Amino acid sequence: MKKAKTILDIQKMKADGEKISMLTCYDYPTARIMDDCGIDMILIGDSVGVVYAGYDNTLPVTMEDMIYHTRAVVRAQPRALVVADMPFLSYQTDMVAARVNAGRLIKDGGAAAVKIEGGENVAAVIEAITAIDIPVVAHIGLTPQSLHRMGGYRVQGRNHEQAERLLADARAVQSAGAFAVVLEGIPAALAARITAELTIPTIGIGAGPSCDGQVLVIHDILGLCEKYAPKFVKRYAELKPVIAQAITSYIQEVKEGSFPTEGNSFN
Ligand code: KIV
């Protein structure tokens, strides 16, 4: 049995100055590949709603969706620390619901930690969940579940007042007990300031190079999502033409009768 990474390993990486690698993942085969490559943290993000299920945003994602995809990833028995996103309305309404839903992602999904969007406004929720021994990753800055409040997916913290508010959010989630915090869509200099001030690791997405770690959406780095192309994404592969080529060849061979051959058939 492989020894899985714990939140202590992740926190030690900040102390040791070792960068933390994190990717989203929603299924078993990809989790196997990612883990074999040595990823530190796997996030079952509610981005599953956009890049996998085809919604326009993450708001329709349900607890059932998150549990289903978390189970699929956990079945790969990754060494990486598995974090599951708490979807919209699973933690904002009341503390009991927040605790029960966080608990379901651990108990039914098999995750080791949950992620919650928000800063000072969710500090009490983070306290309530960590008080029942469920580790929490906070997520501040551009928080996709706040799409309508932000008026779109916009970089946050650009002016002085917003930057001070984000610093206050970062301090609040750390004090509330979060063991790490995702910084999304904020200026690199502000992310550097937050990273230097906090004792917990910061994991950036569109937050520059100074964060303690980085996270990206797997479909984005593989060139599988054409819906949007944020500046912070780097495509490490272009898999869409590779997949299209395989499917086109299959269709062609079926049509012309060259598949299946004897080798693909039973006697
Ligand atoms: O849902 C998600 O994939 C995320 C990451 C982009 C941080 O929250």
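The values are calculated or read from the model by the stated rules, or taken from the named source; none is laboratory data. Model, not experiment: these values are computed from the prediction. Positions of Cβ are generated from backbone atoms using ideal geometry, with glycine treated the same way; all protein chains shown enter the neighbour counts. We work out accessible area using only protein heavy atoms, side chains counted, and drop any ligands, DNA or RNA first. Shrake-Rupley method; radii C 1.70, N 1.55, O 1.52, S 1.80 Å.
Helices in the chain, meaning DSSP H runs of at least 4 residues, each add -39500 (n - 2.57). Divided by all residues, the mean residue ellipticity at 222 nm is -12000 deg cm²/dmol.
Dipole check for the chain: with +1 at the C-beta of Lys and Arg, -1 at the C-beta of Asp and Glu, and the Cα centre as origin, the magnitude is about 300 Debye. Taking 22 Å as R0, compute the FRET efficiency from the Cβ-Cβ separation of residue 236 and residue 71 and round it to 0.05. Step by step, r from the Cβ atoms, then E = 0.25. Centroid-to-centroid, using Cα positions, the stretch 177-220 and the stretch 129-165 are 12 Å apart.
If you roll a 1.4 Å probe over the chain with all protein chains in place, what percent of the accessible area is carbon or sulfur? Ligands and nucleic acids excluded, carbon and sulfur reach 56 percent. Projecting the Cα atoms of 222, 88, 50 onto the charge dipole of the chain, computed from C-beta unit charges around the Cα centre, puts 222 farthest toward the positive end.
Modelled spin labels at residue 189 and residue 244, positioned 7 Å past Cα toward Cβ, are 4.2 nm from each other. Inverting the pair-averaged 1/r between distinct Cα atoms of the stretch 53-110 gives 12.0 Å as its Kirkwood hydrodynamic radius. Among the GluC sites (Glu not before Pro) in the stretch 197-240, those placed in a DSSP loop whose Cβ has at most 11 other Cβ atoms within 10 Å are 226, 238.
Please say if the chain is rounded, prolate or oblate, where rounded means a/c under 1.5 for a ≥ b ≥ c the square roots of the C-alpha gyration tensor eigenvalues, and otherwise the choice is prolate for a/b larger than b/c and oblate otherwise? Note, shape of the chain comes out prolate.
For the chain, which longest stretch is free of loop sites, where a loop site is one of the chymotrypsin sites (Phe, Trp or Tyr not before Pro) that DSSP puts outside H, G, I, E and B and that has at most 12 other Cβ atoms within 10 Å? Here the longest run is 1-227. Counting only Cβ charges, +1 for Lys and Arg and -1 for Asp and Glu, the dipole size of the stretch 146-267 around its Cα centre is about 460 debye. Couplings for the stretch 54-68, taken from phi via the Karplus curve 6.51 cos²θ - 1.76 cosθ + 1.60 with θ = phi - 60°, read x, 5, 6, 8, 8, 4, x, 5, 10, 4, 4, 4, 5, 5, 4 Hz in order; Gly and Pro are left as x.
Out of all DSSP beta bridges with both ends in the chain, state the antiparallel percent to the nearest 5. The antiparallel fraction comes to roughly 5 percent.
Taking all protein chains together, 160, 219 sort by accessible area into 160, 219, largest first [probe 1.4 Å]. Of all the options 172, 138, 180, the one that moves most in a Gaussian network model of the chain with Cα springs shorter than 10 angstrom is 172. Counting Lys and Arg as +1 and Asp and Glu as -1 over every other residue whose Cβ lies under 13 Å from the Cβ of residue 167, the net charge comes to -2. Distance between the pseudo-spin-label points of residue 89 and residue 55 (7 Å out from Cα toward the beta carbon): 0.9 nm.
Using the Cβ-Cβ distance between residue 196 and residue 149 with R0 set to 30 Å, the FRET efficiency from 1/(1 + (r/R0)^6) comes to roughly 0.60. Take the stretch 1-41 with all the other protein chains still there, run a 1.4 Å probe, and you get 58 Å² of accessible area per residue.
Specify the residue with the greatest mean-square fluctuation among 37, 225, 25, computed from a Gaussian network of the chain linking alpha-carbon atoms under 10 Å apart. Result for the chain, Cα springs under 10 Å: 37 fluctuates most.
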